[in-house]
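This report refers to the structure that appears directly beneath it.
Bear in mind these aren't lab numbers, they're just calculated from the coordinates by the rules spelled out. Please read all numbers here as calculations on a predicted model, not as lab measurements. Ideal geometry is used to build each Cβ from the backbone, glycine not excepted, and the neighbour counts take in all protein chains shown.
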Number of protein chains: 2
Amino acid sequence: MYVGIDIGGTKIATAVVDAATGSVASDVHSIATHAEFGGVEVLQRIIGLAQHEVTQARLAGFDIAGIGVGSAGVIDPETGSILAATDIMPGWAGQPLGAALEQATGLPVQVTNDVMAHGIGEAVWGAGAEYQRVLACAVGTGIGGAIIVDGMPVEGAHHVAGHIGHVCHRLAYGMHCSCGSDSGHLEAIASGSGIHAWYEQRRLACVAQSNAGSDVSEQAEQKLAFPPAANGGQVAQFASQGNVLASQVIHDAGIALGESLAGICHIVDPDIVVISGSVTHAGEPWWQAVQQGFASSSMPSIAATRIVLGSLDATAPLLGAAYVIESYLQRCNAQV
Amino acid sequence: MYVGIDIGGTKIATAVVDAATGSVASDVHSIATHAEFGGVEVLQRIIGLAQHEVTQARLAGFDIAGIGVGSAGVIDPETGSILAATDIMPGWAGQPLGAALEQATGLPVQVTNDVMAHGIGEAVWGAGAEYQRVLACAVGTGIGGAIIVDGMPVEGAHHVAGHIGHVCHRLAYGMHCSCGSDSGHLEAIASGSGIHAWYEQRRLACVAQSNAGSDVSEQAEQKLAFPPAANGGQVAQFASQGNVLASQVIHDAGIALGESLAGICHIVDPDIVVISGSVTHAGEPWWQAVQQGFASSSMPSIAATRIVLGSLDATAPLLGAAYVIESYLQRCNAQV
């Protein structure tokens, strides 16, 4: 039995994971991250949550062998420290997450990137469970991914492997990416935030066009066709209600993801691609566009690669993180 | 000592390889492939060449332990048979290359894709020799690649891993790729044949434009600025002579390759990228464009990844193929 912890920019979740069955053995508890309070405060909140979870788990009769953590940011897997983090979690970079949790709980701890933990969960116990090589693809606020071979994630030379959102796509050219690049990264148009930003950009262009040289009543009518959206989810909602521009954006985002996934499959050649994250709820036209894009860009040899949706939802990172600490302890035992 | 064989669409080369030093121990012998005679005839020519090479090597006092082959096409590494091949080698698909060579020579044989063999050579004994994770990138008639980790190639689920020429790039949109896709693959504009095809397309557009609405003397003058090219090498030659259109095409091909390599590094995250192939002779502006494209599209974490030219030239596939058969025999011995 392990405690799994999932640290995101909005909330932190934890639960007891049974690694024998690959399932959550307790209720999932979660608290707000309050990332705006800064990295030191967030770390304190996580330590408190972990101590409470371990105590409660022991009271409930669970024998906890270690803690597995999936966290936002670039992680040093040796130390469990945060090497880098985006502006979503200010001050998170540099926090000694693994060491602090070990000291506070007396348990062995392994820390993994949250998208990787999610991917490992899906690869080992979810939609990829029966496959040797899994490409896990998380399409949420950003686009992340993980390559999992024989249950172990490919880390790469700089712990960057699997950052599949940062490949160029023609439709993204001109859009600014969260990583700073202006060369047209997929994430800038096909993630939740990308869909939102792209819709807004195209919407404003449409509004400007409709303002030019048409009378007021026409303008009023056309503006209604370009309603402002609060986020990517609302763009998908507009699309489902038949809005033409929103439907185009959702379609194009799906095409871009599908074409990019084909290119990524030519490089990595997985047995299966497992897609999860909030954008997977964008509707059937989005899903069809993903498959259409993949089919149009894939070579015959990989055309039959399975592209499926994840099956574990929010428990995936908790299960994946627990798998990482279990694998680590098994390697330690094997060496003794 | 091993016999290495490199099978391409134009010629077949062979030499004795000393795997202890990673060097070629004999002269390199080569014959024309005569791919137009069909796969059965090509296989017969290879068998004859291999038998001759083994005999000569033994006469010269070499103790040959096996044969390593790098061949064009998609290879089944278990059997050494050709699973698929492009139109460059008609009838090559289906040929039982490995089994036929074993039968003809009585030696153990391992067959690898030629680009992979090239990449392994550079990764193990060439420019990537001191690195754990090498992305080898061959930019010749097509664009291929290989991911080599700890000296072993990543094969993937369908033996496709490393086909880095088949990722989408905005500049390639509208160009037809050798794999059949029209979604804008890198190979269609940045390989040798792609540079040629792209130059011709842009040249004809320029000629058509200059024909429209200008007088005859102007036309004659402008046509001179858009000379037809016989191949990608000639486009590079025109560029080196100051031709504006050719220079643009070479620059754009370099940018596209560099931006794509950044995306591929985000996915695979190698320690080093080793680029080889005929297009690496396209000149300094091409090389600068590759680096410029990479810098503009790479995240800070991978920006320092080394991008270097290969150091072994034509011996790389012979050395790589020899390494594959040596590794195979070592694994066999370890199991006994």
Just to confirm the filter: which GluC sites (Glu not before Pro) across the range B:44-107 are DSSP coil and have at most 13 other Cβ within 10 angstrom of their Cβ?
B:78
What average number of partner chain Cβ atoms lie no more than 10 Å from the Cβ of the residues making up B:298-309?
4
So, in nm, how far is label residue A:234 from label residue A:182 when the simple model puts each one 7 Å beyond its Cα toward the Cβ?
2.8 nm
I need two numbers for chain A: Rg to one decimal and Dmax as a whole number, Cα atoms only, in Å.
21.3, 81
Candidates A:104, A:316, A:20: whichever shows maximal mean-square fluctuation once chain A is modelled as a Gaussian network with Cα springs under 10 Å
A:20
Nothing charged except the Cβ atoms of Lys and Arg (+1) and of Asp and Glu (-1): what's the magnitude of the dipole of the range A:127-309 about its Cα centre? Round to the nearest 20 debye.
80 debye
With labels modelled as points extended 7 Å from the Cα through the Cβ direction, what inter-label distance (nm, one decimal) is found for residue B:205 paired with residue A:296?
1.8 nm
Rounded to the nearest 20 Debye, what is the dipole magnitude of chain A about its Cα centre when Lys and Arg each give +1 and Asp and Glu each give -1 at the C-beta?
180 debye
Fraction of antiparallel bridges per DSSP, the protein assembly as shown only, in percent to nearest 5:
55 percent
Estimated 222 nm signal from helices in chain B, with DSSP H stretches of n ≥ 4 weighted -39500 (n - 2.57), rounded to 500
-14000 deg cm²/dmol
Please report, to two decimal places, log10 I(q)/I(0) for the range B:111-261 at q = 0.10, 0.15 Å⁻¹ as given by the Debye formula with identical point scatterers on the Cα atoms and no solvent.
-0.43, -0.81
What is the sum of charges around residue B:128, taking Lys and Arg as +1, Asp and Glu as -1, for the other residues whose C-beta is under 13 Å from the C-beta of residue B:128?
-2
Estimated distance in nm for a label pair at residue B:241 and residue B:34, the labels positioned 7 Å out from Cα along Cα-to-Cβ
3.6 nm
Give me the Debye-computed log₁₀ of I(q)/I(0) at q = 0.14, 0.19, 0.22 Å⁻¹ for the range B:1-100, equal point scatterers on Cα only, no solvent, two decimals.
-0.51, -0.89, -1.12
Per 20 Å bin, what is the whole-percent P(r) computed from every C-alpha pair distance within the protein assembly as shown?
18, 45, 30, 7, 0
Any idea what log10 I(q)/I(0) is at q = 0.17, 0.21 Å⁻¹ for the range A:47-173, Debye with uniform C-alpha scatterers and no solvent?
-0.98, -1.25
Give the whole-number value, in cubic angstrom per residue, of the convex hull volume spanned by the C-alpha atoms of the range A:51-98.
85 Å³
tail above 27 Å in the computed P(r) of the range A:191-336, as % of all Cα-Cα pairs, reads 42 percent
If contacts are Cα pairs under 8 angstrom and at least 6 residues apart, what is the relative contact order of the range B:1-154 in percent?
19 percent
